[in-house]
Structure formats: structure tokens, C-alpha cells
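A quick write-up on the structure given underneath.
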Amino acid sequence: MAMSHDSTPEERAAKRVEEFTGLMWHLAVYVIVNAFLWIMDFAQGGGLEWAYWVTIPWGIGLAFHVAAYFLDERGMQGRRYQRYLEEEQRKDAG
């Protein structure tokens, strides 16, 4: 997910749109598939018996996807890049 800082603003914006679209598709598929599974589980008459075995691990994976999206360049990587860039610029100047 990391974007090169020597790419153009257009390339970086396109990459961000691609990452956001991927996250939204992941979320939509998660909701639709899990809703269907929960409906099937309840329709079998025994209440909730097995659907959560899909929902929980997949939800954990989705949480990591969300975290990766928000912590990417706009988060930890961006701050670390900026700090290292400033350090390198000070070395060159001094």
C-alpha cells in the first residue's frame, strides 16, 4: 500500500482511490455475505449456531484491512517518511 514519494500527485491520488475502492468492496461483500449466512443460520430453526464462525475471523481480517488503510501513508508511514526526510535534509544542509 505504500506509495512512492517520487510519483506524481495524480498517481498518488489514483492509488488512494484504488485503495479506498478496494476497502469499500471488502466491506460490502462482508456485510452481504454475512447477512445471508446469518439469515440461513436462523432460518434453520436452531437460532445462531454456526454463522459467527465465518463472521468473526473475516471481521478480524476486515479490521486489519481498515487499519492498514488508515495507517498507511497518511498515518505512520507518512510521519516516519517526513521525519527521515527532514533528517536527511539537515545532514545535507549541515
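The values are calculated or read from the model by the stated rules, or taken from the named source; none is laboratory data. In this text the structure is predicted, and so the values were computed from the model without any measurement. All Cβ positions, glycine included, derive from the backbone under ideal geometry; neighbour counts span all protein chains shown.
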Pairs where the first residue, in region 15-29, is within 14 Å of L62 (Cβ to Cβ) and free of Cβ contacts under 8 Å to residues at least 24 places away in the same chain and the second is surrounded by 13 or more Cβ atoms within 10 Å (Cβ to Cβ) and hydrophobic (A, V, I, L, M, F, W, C), C-beta under 8 Å, 6+ apart: none
So S7 ticks every box in (1) modelled with pLDDT under 85; (2) part of a helix (DSSP H, G or I) but one. Which box is left unticked? (2)
Any chance W50 is surrounded by 11 or more Cβ atoms within 10 Å (Cβ to Cβ), over 24 Å from the mean Cα position of the chain (by Cα) and not β-branched (V, I, T): yes
Restricting the search to region 54-71, which residues are at pLDDT 95 or above and either aliphatic (A, V, I, L, M) or more than 22 Å from the chain's Cα centre (by Cα) (or both)? V54, I56, I60, L62, A63
